[in-house]
Amino acid sequence: MQPNYFFINKVEVRVRFAPSPTGALHLGGVRTALFNYLFARKNGGKFILRIEDTDQTRFVPGAEEYIIKSLEWIGLDIDESDKQGGEYGPYRQSDRKHLYREYAEQLVNQGFAYYAFDTPEELDAMRKDLEQKKASVQSYGPATRNNMKNQLTLGQQKTEELLAQGVPYVIRFKMPEDEKLVLHDIIRGEVKADTAILDDKVLFKSDGMPTYHLANIVDDHLMKISHVIRGEEWLPSLPLHYLLYRSFGWTDTMPQFAHLPLILKPDGKGKLSKRDGDRLGFPVFPLNWTDPKTGEVSKGYKETGYFPEAFINMMALLGWNPGNTTQEIFSKKELCQLFSLEHVTKSGSKFDPEKNKWFNKQYLEKKPNSELAQYLIEDANKDGINISQADAEKICGLIKERASFTTELWPSAQYFFIAPQEYDATNMKKYYKQETPELLKQSIEKLKEIDDFSAQNLETQISNWIETSGLNFGKVLNPMRIALAGACKGPHIFDIIEFLGKEETIKRIETLIAKN
């Protein structure tokens with residue numbers, strides 16, 4: 001397995017994202033899908049979705065649908081799947097299970113695998129014995145298999161008798177006894193392994209279903225997968241997978257492998273988990289996920305207010321960099337053009353929730369007000385407030401520079417449509433003094449004199465009045481802002497006044513005076 005990047009130019013690039021429907025799609029899975037997608041698009045290849053549901057004990061209802069919806073929201077268009085179709089289907093492993101027994105038995109017949117009839121109790125006894133002896137290898141493999149109940153120790157006749165009797169069995173791979181492997185990974189380079197200390201992994205289970213190892217290799221071969229891009233946790237399986245390809249005689253068409261680095265906790269200590277998100281208050285799933293057993297709802301990035309393009313941007317830079325540039329904002333099109341596995345890092349990448357907010361803010365600020373207005377209108381409607389498209393666009397133009405998420409737009413805009421019922425206590429203590437009511441009354445009289453209520457004219461007229469009257473800007477404008485917005489917040493005060501209009505502005509100032 002030597003590096004051969006010209007391989008990309010000679011064979012159609014075909015990559016697959018192959019999640020198991022065991023729950024919500026974690027950020028690590030999202031990034032794996034994204035990197036596969038970007039690699040396919042960069043090289044004019046195909047991006048395939050295959051559902052690996054061979055472990056029925058871990059199946060979670062709704063998980064497959066959630067995975068598909070997540071990929072749709074992110075914008076990773078799939079070329080082949082059960083939904084899209086394709087000439088290498090079906091693309092769900094449970095619909096392909098008739099294939100795997102044939103391949104497992106082929107390995108047995110060729111001497112690369114064997115039947116094993118060990119009971120769970122016998123396997124447990126073996127492990128305890130090895131622990132007590134402090135054996136250097138404590139697994140079912142080359143050093144221990146000759147002491148177990150399997151085809152190698154029972155002989156062919158006894159094996160056939162047990163099979164005929166319906167005695168439960170598994171099929172295990174027969175690991176070479178003492179072979180030093182030197183393999184290649186596109187990201188990590190040389191990977192070495194000693195078969196003497198590796199397990200005889202189960203390939204076919206007693207329930208008639210294949211394990212991940214067998215199904216994965218068979219499907220990748222039959223689907224003509226050119227590159228396997230997957231998480232670091234699968235790196236220890238690379239020797240077995242290589243040996244399976246070799247045993248089947250498929251090394252000439254074996255895919256190249258690339259194992260992605262871990263996404264680390266924000267402090268860099270260990271792999272990012274859902275508990276970290278719960279503890280520190282950020283999502284670890286793309287969409288809201290409701291646990292079918294507990295009913296617990298875990299919030300997703302979409303519902304938090306992230307744009308899919310911002311989400312893709314932040315995920316792409318977790319473990320990949322574009323090379324010699326300080327650029328951080330990339331469109332999906334740019335990522336597809338720039339992505340390469342050679343620029344994926346070997347070391348883990350720290351997850352930075354604050355930086356992620358920054359990414360979303362950059363995209364929000366660039367969004368047209370007409371698009372942002374839809375979020376504002378929708379959230380206002382939930383509170384029974386109807387807002388016109390024109391008003392929503394105008395408000396979004398005033399407040400979007402202060403927002404990081406679309407979910408912050410309506411909370412930041414409410415005072416434009418609903419007069420304050422309460423006033424910020426800290427602001428009141430700081431800015432509402434003994435002389436304030438009289439100053440506000442004078443400001444009301446000045447506002448009544450002004451006919452042109454454009455922000456520009458208002459600023460000119462009020463500023464001239466404050467200066468010529470020898471007043472203090474802060475002592476007039478801060479209490480006025482509290483009257484209009486409930487606190488010292490929001491855009492330029494004269495933009496607020498222009499939107500509210502003369503009648504509403506004066507009414508709110510009078511209300512503040514009356515209440516205090």
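The values are calculated or read from the model by the stated rules, or taken from the named source; none is laboratory data. Since we're looking at a predicted model, the values are computed, not measured. Positions of Cβ are generated from backbone atoms using ideal geometry, with glycine treated the same way; all protein chains shown enter the neighbour counts. Note: areas computed on protein heavy atoms with side chains; ligands, DNA, RNA excluded. Shrake-Rupley method; radii C 1.70, N 1.55, O 1.52, S 1.80 Å.
Here each label is just a point 7 Å from Cα along the line to Cβ, and for Glu438 and Glu510 those points are 2.2 nm apart. Which parts of segment 215-248 would a label at Glu179 reach, counting a residue when its backbone N lies under 12 Å from a point 7 Å out along Cα-to-Cβ? From segment 215-248, the list is 239-248. The GluC sites (Glu not before Pro) of segment 60-111 meeting both criteria, a DSSP state outside H, G, I, E and B (loop) and at most 13 other C-beta atoms within 10 angstrom of the site's C-beta, are Glu87. Give me the net charge of Gln138's neighbourhood, meaning all other residues with Cβ under 11 Å from the Cβ of Gln138; Lys, Arg count +1, Asp, Glu -1. Local charge sum for Gln138: +1. Under 5 Å between amide hydrogens, built in the peptide plane, is the criterion, and for His184 it picks out Val191 among residues at least 5 positions away or on other chains. Distance distribution P(r), segment 240-341, all Cα-Cα pairs, bin width 5 angstrom from 0: 2, 9, 14, 14, 15, 14, 12, 10, 7, 2, 0 percent. The charge dipole of the chain, taken about its Cα centre with unit charges on the Cβ atoms of Lys, Arg (+1), Asp and Glu (-1) only, comes to about 900 debye. Binning the alpha carbon pair distances of segment 25-97 at 5 angstrom intervals from zero yields the distribution 3, 15, 24, 26, 21, 9, 2, 0, expressed in whole percent. Using only the C-alpha atoms, the convex hull of segment 373-516 corresponds to 113 Å³ per residue. Put simply, the C-alpha atoms of segment 105-224 give a gyration tensor, and the ellipsoid matching it has half-axes of 25, 21, 13 Å, longest first. Packing, as the average of other Cβ atoms within 10 Å across residues, places the peptides 420-428, 330-338 in the order 330-338, 420-428, highest first.
Candidate values (i) 47, 28, 18; (ii) 65, 23, 20; (iii) 40, 26, 22 were compared with semi-axes √(5λ) of the Cα gyration tensor in Å computed on the shown model; the agreeing label is (ii). Size of segment 175-272 from its Cα atoms: along the principal axes, largest to smallest, the extents are 43, 32, 28 Å.
Computed extension gain for Ser469 through Ile450, at 0.36 nm per residue and net of the alpha carbon distance, reaches 5.2 nm. Placing unit charges on the Cβ atoms only, positive for Lys and Arg and negative for Asp and Glu, gives segment 402-516 a dipole magnitude near 480 debye about its Cα centre. For segment 153-231, the normalised intensity computed at q = 0.12, 0.20, 0.27 Å⁻¹ comes to -0.54, -1.12, -1.26 (log10 of I(q)/I(0), Debye sum over alpha carbons, equal scatterers, no solvent). One equal scatterer on each Cα of segment 58-103, no solvent, Debye formula: the resulting log10 I(q)/I(0) at q = 0.17, 0.23, 0.28, 0.32 Å⁻¹ is -0.63, -0.95, -1.08, -1.13.
Principal axis extents of the C-alpha atoms in segment 381-440 (largest first, rounded to whole Å): 41, 23, 19. Here the label points at Val297 and Asn321, each 7 Å from Cα along the C-beta direction, are separated by 4.0 nm in the simple model.
Near the amide H of Gly231, within less than 5 Å, lie the amide hydrogens of Leu260, all on another chain or at least 5 residues away, with H placed in the peptide plane.
Between Glu65 and Asn288, full extension at 0.36 nm per residue minus the direct alpha carbon distance yields a gain of 79.0 nm. Label positions at Lys382 and Trp250, each projected 7 Å from the Cα along the C-beta direction, are separated by 4.7 nm.
Potential lengthening of the chain between Val11 and Val167 amounts to 51.7 nm, from the contour at 0.36 nm per residue minus the alpha-carbon distance.
Of the Cα atoms belonging to segment 1-160, the radius of gyration and Dmax stand at 21.1, 57 Å. Under the convention that each Lys and Arg Cβ holds +1 and each Asp and Glu Cβ holds -1, the size of the dipole of segment 336-478 around its Cα centre is about 600 debye. R0 = 35 Å: FRET efficiency of Leu152 with Cys336, Cβ-based, nearest 0.05? Taking R0 as 35 Å, the efficiency between Leu152 and Cys336 is 0.10. Shown for segment 383-509: lysine pairs separated by 8 or more places, or found on different chains, whose C-alpha atoms are under 18 Å apart, numbering 18.
Residue ranking by accessible heavy-atom surface, 1.4 Å probe, largest first, among Leu154, Leu458 comes out as Leu154, Leu458. Once all protein chains are placed together, His343 keeps about 70 Å² accessible to a 1.4 angstrom probe.
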